[in-house]
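Colleague: Quick one: the structure is below, and I'll ask about it shortly.
The values are calculated or read from the model by the stated rules, or taken from the named source; none is laboratory data. From a predicted model like this one, the values you see are computed outputs, not experimental measurements. Reconstructed Cβ throughout: ideal geometry from the backbone, glycine too, with neighbour counts over all protein chains shown. Surface accessibility is based on the protein's heavy atoms, side chains included, excluding ligands, DNA and RNA. Shrake-Rupley method; radii C 1.70, N 1.55, O 1.52, S 1.80 Å.
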Amino acid sequence: MISLQEIQNIYQGYFDAVQKAEQNRKITDGMFGFGKKPADDPCHTEFLETLRSILTSETHEKPDSKHIQEILSYIYVSPAEHPEPQSAYWMLIAVHGLTNGLIPLLSKDDAAALLETYSKTYRRWERLPVQKNIIRLLKSQAE
């Protein structure tokens, strides 16, 4: 079972890698479709794959609801707390889709608490399909 601290360390490593990619870019990178953009850096894929592996193993271990709520809360709030750089922001939202398998392991109360936080954090008219799906799954689990 992975701890919240381990998840936070993975995120911090990702933030550090994104910052490094941003600092190493040339001013002309990405202009007119030429050069490497920070969004093309392999750190994004590495983050996605690392998180996918960990969350999949968490799903199979079936930890208690409070533990899951703690991890999901961190994952769900991270984009709102780190809106820049944009290349990281969009990945932080995209990885919400990796949490679908953990939501059914939440208790009704924990799902309801996450639903409330998630709904307040992401305004309805700005939600992407992955976020709408998280809302739907949390509502279903909270009922």
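Colleague: Can you check how the C-alpha radius of gyration of the chain compares to 2.2 N^0.38 Å, as a plain ratio?
Modeller: The chain yields a ratio of 1.11.
Colleague: Put +1 on the Cβ of every Lys and Arg and -1 on every Asp and Glu Cβ in the chain; which of Tyr89, Gln23, Gln5 then has its Cα farthest towards the positive end of the dipole?
Modeller: Tyr89
Colleague: Hey, any idea what % of the chain's accessible area is carbon plus sulfur with a 1.4 Å probe?
Modeller: 53
Colleague: Per DSSP H run of at least 4 residues, take -39500 (n - 2.57); add these up for the chain, divide by its residues and hand me the 222 nm value, nearest 500 deg cm²/dmol.
Modeller: -22000 deg cm²/dmol
Colleague: Using a 1.4 Å probe, what is the accessible area per residue for region 44-143, in Å²?
Modeller: 52
Colleague: Evaluate the distance, in nm, between pseudo-label points positioned 7 Å from the Cα of Ile10 and of Lys139 along their respective Cα→Cβ axes.
Modeller: Those two pseudo-labels are separated by 2.8 nm.
Colleague: Another question, if that's okay. Relative contact order for the chain: what is it in percent, counting Cα pairs under 8 Å that are at least 6 residues apart?
Modeller: 24
Colleague: Also, quick follow-up: Roughly what angle does helix 129-142 make with the longest principal axis of the chain, taking Cα atoms, 0 to 90 degrees, to the nearest 10?
Modeller: On a 0 to 90 degree scale, this one is about 20.
Colleague: Sorted by average packing, counted as other Cβ atoms within 10 angstrom per residue and highest first, what order do 73-80, 44-51 take?
Modeller: For the peptides 73-80, 44-51, the packing ranking is 73-80, 44-51.
Colleague: Rank by packing, highest mean first: peptides 10-20, 52-62, 88-98, with packing defined as the count of other Cβ atoms within 10 Å averaged across residues.
Modeller: So the peptides 10-20, 52-62, 88-98, ranked by packing, come out 88-98, 10-20, 52-62.
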